[in-house]
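The values are calculated or read from the model by the stated rules, or taken from the named source; none is laboratory data. Small disclaimer: the values here were computed from a predicted structure and weren't measured. Backbone-built Cβ (ideal geometry, glycine too); neighbour counts: all protein chains shown.
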Amino acid sequence: MLRAKWNHNVQFLFHDSLLYSNMDPRQRSILFREAKATAERDGEQYIATINQDALDSMREELSAEEFNQIFGDAVVLQLTDKSDADKLLGVHINFDYDS
């Protein structure tokens, strides 16, 4: 229903890394290839969070050119956990789950 745009005008699709965590690298590569093609065709943005190991595992499934088109040229913002400045909000948020 989201892809059909029923009663909304959302112009992006978001997937969290949990979606790909137990997925085979070949299947993951197909998903990203299709997500890129669909987003370009429909004039939308595809937003994904993905762990480095899952990203690296796709290098063997895609040509260097295709890997760069999907994950190099298309990346607008790359976030990491290296420092607070590299995080989405620019700060460390500590959730106290024991309270």
*Of all residues in region 46-71, how many are exposed (fewer than 11 other Cβ atoms within 10 Å of the Cβ) and in a loop (DSSP other than H, G, I, E, B)?*
2
_Condition first: part of a loop (DSSP other than H, G, I, E, B), exposed (fewer than 10 other Cβ atoms within 10 Å of the Cβ) and of a type outside the set (D, E, K, R). Now tell me which residues in region 76-89 satisfy that._
VAL76, LEU77, GLN78, THR80, SER83, LEU88, LEU89
*Quick one: count up the residues across region 28-40 that are farther than 11 Å from SER57 by Cα and either surrounded by 13 or more Cβ atoms within 10 Å (Cβ to Cβ) or in contact (Cβ under 8 Å) with a residue 40 or more places away in the chain (or both).*
8
*Find all pairs meeting these conditions: Cβ atoms under 7 angstrom apart; at least six residues apart or on different chains; first residue within region 58-78 and of a type outside the set (A, V, I, L, M); second residue modelled with pLDDT of 80 or more and part of a loop (DSSP other than H, G, I, E, B).*
PHE67/MET58; PHE67/ARG59
*Can you name the residue in region 12-26 that is in a helix (DSSP H, G or I) and of a type outside the set (D, E, K, R) and is also surrounded by the most Cβ atoms within 10 Å (Cβ to Cβ) among such residues?*
TYR20
